1. Once phi is turned into θ = phi - 60°, what whole-Hz ³J(HN,Hα) does the Karplus curve with 6.51, -1.76 and 1.60 give for every residue of segment 81-86, x standing for Gly and Pro?
2. Given the Cα-Cα distance of residue 63 and residue 104 and 0.36 nm per residue of separation, how much length would full extension add, in nm?
Amino acid sequence: MLILLAAAAVSASTGDVALTESRIKLIREVGLEGKDSSEVLRLAHLNSLFETGLRSPLAVTSLAVVIAAVAIPFTPLGPWFGFVPPPAWLLAVVAILTASYLMVVELVKRWFFQRHPLS
């Protein structure tokens, strides 16, 4: 089912449209038939629960697993599992490679959507 939601992000201070304020002003909710639909609004609300940055359950659990994986070798549980703390230089290399990967992914994503807009 195709549904459309017309909305604009509105700056709290000026009333101008701004995508960085995280405030959404609902203009109209339009269903597939081109008529107002409360179902679109309900689905948009449900979707918003899963698109809130690190409040997302997947992002939170992923971050928790990474923190645990790095921390466990430095705790008393590490030797029990046979883990050895990695050298600091290796952790730094992994952090740099991860940050570089995330930056490249973001740049490629922006490049792609500039060349192939969704509309």
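1. 7, x, 7, 10, x, x
2. 12.8 nm
Computed from the coordinates by the stated procedures, all read-outs in this text should not be read as laboratory data. Please read these numbers as outputs of a predicted model, since none were measured by experiment.
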